[in-house]
Amino acid sequence: MPQAGLKTIIALSFVLAVGFLLVILSCALWKAYYPLLVVATYVLAPVPNWICSHCANPDDFVESSGAAVLDLGRFCTGFLVVMGLALPVILAHSQIIEVPAMIMSVIGGLLIYGTIISFAMFFQEEQEF
Amino acid sequence: MEDERLWKFSKPDWLNSVWARNAGVYAAGGLFSAAFYVLLDSAVWSKSPSNGSDVHITFVDWLPFIFSSLGMLIINSVEKARLSADSFSYSGSGVAWKARVVLFLGFAALAGGMAGGVTVFVLKFAVPGVKWPGMNMGVENVVANALVGLSSVVLWVSQNMEDEYAYNLAL
């Protein structure tokens, strides 16, 4: 079904663009460029999962070290996702950025991360079949 | 397996699924991240213009968090399967005994970190009577250490779901 895939890709890239727009606006409107860190966090978030899934050997059930490496990757991903939420809140609490900038960068970051996650899900589904 | 059960209520089925296990590990990472950033928030706020008082976050405030993180690292690095002395194949070389000693050290570090958080709160904030916006820094210290403890509990529980999951997949 290439048609549905094409529509999905167009919709996802639209959402990604809106997310970047929100984050960059939250930086540029108040001339404080710290919320750009949120983009870096969310782009880096799937990386530990990806690295650890290549390190682990999922066929090895006798020694469960493969599952431990996978767990480490999941732990780091969870850490990075909450970090993307927590950074704007910290910056706003210490009055480094304004509260509207915090809201915009949180929503933008969630949109970016949602795009990355759903992209990965679609690609995995295509590989299985 | 059903005969060796101790409790009246059995675990619900969804608890043993891969999905619940992975969600537990993600949640543990998120809780640890929340703990770290709660503490970082108090440190950043202490240097920000909103802090009018002369109470500041120093290395002492970070020390309990370092200890609880160390404890969490130790606890979750131990292979849980080596803990049960019932598995006679491991009790001979004393691995179960070693695992218990290391786990004891880990839990001691975790509990010590929590106690240290409360100590810092009492000695640095409650007894000198710091006014409320500054008092927040001490409360955040206690909250951060409690979150580290909660995170390691979640990680421990979700790692213990593992054996049946691996068993199901191996079949």
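Numerical summary
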quantity	calculated
Hey, B:S46 facing chain A (nearest Cβ under 10 Å), within 15 Å of the chain's Cα centre (by Cα) and of a type outside the set (A, V, I, L, M, F, W, C) or not	no
Tabulated pairs, the stretch B:28-42, first within 16 Å of A:V38 (Cβ to Cβ) and within 7 Å of chain A (Cβ to nearest Cβ), second of a type in the set (S, T, Y) and not in a helix (DSSP H, G or I), C-beta under 9 angstrom, 6+ apart or interchain	B:D41/A:S94
Conditions (1) in contact with a helix residue (DSSP H, G or I) (Cβ under 8 Å, 6 or more places away or on another chain); (2) assigned to a loop (DSSP other than H, G, I, E, B): number failed by A:K31	(1)
So B:S10, is it of a type in the set (S, T, Y) and at pLDDT below 85	yes
Residue satisfying all of: in the stretch A:1-32; polar (S, T, N, Q) and surrounded by 13 or more Cβ atoms within 10 Å (Cβ to Cβ); modelled with the highest pLDDT among these	A:S26
The listed residue being among the aromatic types (F, W, Y) and either within 18 Å of B:L39 (Cβ to Cβ) or modelled with pLDDT of 80 or more (or both), out of A:F61, A:F75	A:F75
Subset of the stretch B:38-88 (residues that are modelled with pLDDT under 85, assigned to a helix (DSSP H, G or I) and closer than 25 Å to B:S151 by Cα)	B:K80, B:A81, B:R82
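So that you can scan it fast, the table gives a plain yes or no per residue for (1) in a helix (DSSP H, G or I); (2) buried (at least 22 other Cβ atoms within 10 Å of the Cβ); (3) at the interface with chain B (Cβ under 9 Å from one of its Cβ atoms):
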| site | (1), (2), (3) |
| --- | --- |
| A:F75 | yes, yes, yes |
| A:L87 | yes, yes, yes |
| A:I97 | no, yes, no |
| A:M121 | yes, no, no |
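The values are calculated or read from the model by the stated rules, or taken from the named source; none is laboratory data. Just so it is clear, the structure is predicted and the values come from calculations on it, not from any experiment. Cβ coordinates were reconstructed from backbone atoms using ideal geometry, including for glycine residues, and neighbour counts include every protein chain displayed.
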